[in-house]
Amino acid sequence: MDTTTSADGTTIALDVTGQGPTVVLVGGAFNDRTTVAGLAGELSADFTAVAYDRRGRGDSGDTKP
């Protein structure tokens, strides 16, 4: 797991696998990055697959306004 920080300081968790052109995988609103992990694995032979946790899901934070 890697993390990045959004402009408002929220920590966003993500997984990056593979090599090649980047594809960002977006799961449903109530899911975390594990929902698309299988697809990321399949794509990783030809692409850099990035799966992330939306704010307030999984390992991502949820900075209040």
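Structure above, values below:
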read-out	value
For the chain: accessible area per residue (Å², 1.4 Å)	63
Loop sites in the chain: chymotrypsin sites (Phe, Trp or Tyr not before Pro), DSSP, at most 15 other Cβ within 10 Å	F30
Formal net charge of residues neighbouring S6 (Cβ-Cβ distance under 15 Å; K, R +1; D, E -1)	-1
Pair T48, T11: separation of 7 Å Cα→Cβ label points (nm)	2.3
Solvent-accessible surface (1.4 angstrom probe) belonging to V36, in square angstrom, nearest 10	20
Distance in nm between pseudo-label sites at A29 and M1 (7 Å out along the Cβ direction from Cα)	2.4
Protein accessible area in the chain, 1.4 Å probe - carbon and sulfur %	52
Neighbourhood net charge (13 Å Cβ-Cβ; Lys/Arg +1, Asp/Glu -1) for V23	-3
Correct option for volume of the Cα convex hull per residue in Å³ [calculated from the coordinates] among [x] 88; [y] 75; [z] 159	[y]
Estimated [θ] at 222 nm from DSSP helical runs (n ≥ 4, -39500 (n - 2.57)) normalised by residues in the chain, nearest 500	-2500 deg cm²/dmol
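The values are calculated or read from the model by the stated rules, or taken from the named source; none is laboratory data. Remember, predicted model here, so these are calculated numbers, not experimental data. Note that we place each Cβ from the backbone using ideal geometry, even for glycine, and neighbour counts take in every protein chain shown. Ligands, DNA and RNA are excluded from the accessible area calculation, which covers all protein heavy atoms including side chains. Shrake-Rupley method; radii C 1.70, N 1.55, O 1.52, S 1.80 Å.
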